[in-house]
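The values are calculated or read from the model by the stated rules, or taken from the named source; none is laboratory data. Keep in mind it's a predicted model, so treat the numbers as computed, not measured. Cβ coordinates were reconstructed from backbone atoms using ideal geometry, including for glycine residues, and neighbour counts include every protein chain displayed.
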């Protein structure tokens, strides 16, 4: 599993309303994200930037990628450590600020997973796994802002 991995995606702009980019309001921000052998993702820009509210925007996808990567590492580490996770739901949030030049950047993402384990004694050990998962998450290691964790826990058997 060591080595270099290549990921490919095709992004196709589908928002030409007949005039191309002849003006800022002349086109839609709609696009399709395609990866071979997978369902398409319908994308747009954030509604604040003339995007379609029914489509995913890049900012949501970044927050989702961080959350999913962390969860997958976390579940892996728990399985190895004998922590039985029965449910994991994260409502992740990200903060982006606009800059005076019209650009912007994320300042932080906070993961808020609610994790259900089988036994109450597992909670302390389960909590420690977040730090390790964050250090191993490929996406968290690729961003230049902090990723915080505010987990909460439930146990099926007290």
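Scanning region 116-134 for residues that are surrounded by fewer than 19 Cβ atoms within 10 Å (Cβ to Cβ) and either without any contact (Cβ under 8 Å) to a residue 24 or more places away in the chain or not in a strand (DSSP E or B) (or both) yields 120, 121, 123, 124, 125, 127, 128, 131, 132. Of all residues in region 45-71, those that are surrounded by 14 or more Cβ atoms within 10 Å (Cβ to Cβ), without any contact (Cβ under 8 Å) to a residue 40 or more places away in the chain and touching a helix residue (DSSP H, G or I) at 6+ places or on another chain (Cβ under 9 Å) total 4.
Output the residues belonging to region 93-116 that are over 17 Å from residue 149 (Cβ atoms) and under 13 Å from the mean Cα position of the chain (by Cα).
The answer is none; no residue qualifies.
Checked against the criterion of being under 26 Å from residue 45 (Cα atoms) and within 18 Å of the chain's Cα centre (by Cα), the candidates 133, 140 yield just one match: 140. Restricting 100, 151, 113 to those that are over 30 Å from residue 45 (Cβ atoms) and outside the structural domain of residue 45 (by TED's automatic domain parsing) reduces the list to 151.
Quick test for you: out of 89, 109, 147, pick the one residue that is loosely packed, with under 11 Cβ neighbours inside 10 Å, under 30 Å from residue 49 (Cβ atoms), at pLDDT 95 or above and in contact with a strand residue (DSSP E or B) (Cβ under 7 Å, 6 or more places away or on another chain).
89
Just a yes or no: is a residue in region 6-24 at pLDDT below 95, surrounded by 14 or more Cβ atoms within 10 Å (Cβ to Cβ) and touching a helix residue (DSSP H, G or I) at 6+ places or on another chain (Cβ under 9 Å)? Among the residues of region 6-24, not one is at pLDDT below 95, surrounded by 14 or more Cβ atoms within 10 Å (Cβ to Cβ) and touching a helix residue (DSSP H, G or I) at 6+ places or on another chain (Cβ under 9 Å), which makes the answer no.
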